[in-house]
Amino acid sequence: MVFKRNKIEIIYDILNAIKEKNNKIKITHILFKANLSHIKLKEYLKDLEEKNLIEIYYEKKQKYFRLSELGEEYRLKLKQMKKFIETFEI
Amino acid sequence: MTFYIYSPKWFSGIDSLLEIIIILTSFLISYYSFKTYKYFNFKKYKYFSLAFFFFGISFISKIISNLIILIPVYKQINFYFYSIVYESYKNFYLIENIFFFVHKLTLLLGLLILFFIITKEDKIETIILFVVFLIILSFLINNYLLFNFIIIVISLFLYLIDFINKKSIKKNKNSNLSIFFGGIFISYFLIFLAVKHNLFYSLGEIILSIIFFYMFLNLIKIFRK
């Protein structure tokens, strides 16, 4: 059975992917972890950057992503809500 | 005429204290469920929030209706050298009946909402029909035992539907929701047995508060950093 994720679930998966890689992740790794097409992922990353949830930085000419403070707070809130959903499975 | 079940004397007041745990837990679950709906936009969590909100209101009404029974109402008419004191229950029985009605209605509505969530019922006509039926039922039942019996049947039904649903999608069969329905069934079954001995009422109330306390502990685990 395939479950379609909604926008917030996808955002949580992206933020979590960044956190799991200790705030140093390339776009290809997010692509793999978040299970999205390249075009869709770029849209989401642009949206998250505009909302100051993620930051882009460069190291040795490589582009990396990390969570901002706001992004980390938001990720934690989403994590709690996800745990709530798992606890009260309806 | 309302049929009362009396708790043992030593348990008087303790049931209301235990119900405070139930009320707090219900409102907390309602709040976080609504927050979950706001974040993830899953409609079922909005209705889940409403169900637990109704549970909270139900037990507040139960506490008030229980306390009203215990209030002795004495009225005094003074004459020159003597006074007449008499007990006047008329208005208090009316208020007690109103709160008891609210307790029945909101508890049944809460369970009905959970029923619609787990059966994924979304036809508005069915929902309206059930709600109207419940309002009429709450109005007609004045017998606490009969009300208890209805809760036993509904909670058993909910437990079985939830169990079958979870089994069919190979999920954890004894989820927190199943435990919740099972717990309500057991506690109200024990309260029903209070006709045999009022100790069963205390056992039923204790188990009901344990179930809600268990839900409260799960909430603490989720939101503990």
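The values are calculated or read from the model by the stated rules, or taken from the named source; none is laboratory data. Remember, predicted model here, so these are calculated numbers, not experimental data. Glycine gets a Cβ as well: all are built from the backbone with ideal geometry, and neighbour counts include every protein chain shown. Surface areas here come from the heavy atoms of the whole protein model, side chains and all, with no ligands, DNA or RNA. Shrake-Rupley method; radii C 1.70, N 1.55, O 1.52, S 1.80 Å.
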Item to complete: Work out which helices of chain B, taken as complete DSSP H runs, extend at least 27 Å along their axis over the Cα atoms and score a mean Kyte-Doolittle of -1.0 or more, then list them.
Response: B:14-40, B:43-70, B:90-119, B:144-168, B:199-223
Worksheet item: Can you give the angle from 0 to 90° between the axis of helix A:69-87 and the longest principal axis of chain A, with both taken from C-alpha atoms, to the nearest 10?
Response: 20
Item to complete: Taking only protein heavy atoms into account and a 1.4 Å probe, give the accessible area per residue of the protein assembly as shown in Å².
Response: 59
Practice prompt. Quantify, in whole percent, the carbon and sulfur part of the accessible surface of the protein assembly as shown (1.4 Å probe; protein heavy atoms only).
Written response: 65
Worksheet item: If R0 is 41 Å, what FRET efficiency do you get for B:Lys9 and B:Thr119 from their C-beta distance, rounded to 0.05?
Response: 0.45
Discussion item. Between B:Ile210 and B:Lys43, what's the calculated FRET efficiency when r is the beta-carbon distance and R0 is 25 Å? Round to 0.05.
Written reply: 0.20
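Rounded to the nearest 500, what is the protein assembly as shown's calculated 222 nm mean residue ellipticity when only DSSP H runs of at least 4 contribute -39500 (n - 2.57) each, over all residues?
Result for the protein assembly as shown: -24500 deg cm²/dmol, rounded to the nearest 500.
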Fill in: Positive-end extreme of charge dipole, the range B:121-225 - chosen from B:Phe200, B:Phe189, B:Ile210 (charges on Cβ)
B:Ile210
Worksheet item: Within the set A:Lys40/B:Lys35; A:Lys19/B:Lys35; A:Lys82/B:Lys104; B:Lys43/B:Lys221; A:Lys60/A:Lys82; A:Lys26/B:Lys35, which residue pairs have Cα atoms separated by over 29 Å?
Response: A:Lys82/B:Lys104; A:Lys60/A:Lys82; A:Lys26/B:Lys35
Discussion item. Rounding to the nearest 10 and keeping the result within 0 to 90°, find how far the Cα-based axis of helix A:7-20 lies from the longest principal axis of chain A.
Written reply: 60
Worksheet item: Counting only the heavy atoms of the protein chains, how much of A:Leu70 is accessible to a 1.4 Å probe, in Å² to the nearest 10?
Response: 90
Response to the item:
With a ≥ b ≥ c from the Cα gyration tensor eigenvalues, square-rooted, and the rule rounded for a/c under 1.5, otherwise prolate when a/b > b/c and oblate otherwise, the protein assembly as shown is prolate
Fill in: Per-residue HN-Hα couplings for the range A:49-65 [Karplus 6.51, -1.76, 1.60; θ = phi - 60°; Hz; x = Gly/Pro]
5, 5, 8, 6, 8, 10, 10, 9, 9, 10, 9, 6, 6, 9, 8, 10, 10
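How much length, in nm to one decimal, is gained on full extension between B:Leu146 and B:Leu217, taken as 0.36 nm per residue of separation minus their Cα-Cα distance?
22.4 nm
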Worksheet, complete the sentence: So, relative contact order of chain A in percent, Cα under 8 Å, 6 or more apart, is 28
Discussion item. Before we go on, tell me the buried accessible area for the A/B pair, both chains summed, 1.4 Å probe, in Å² to the nearest 100.
Written reply: 2200
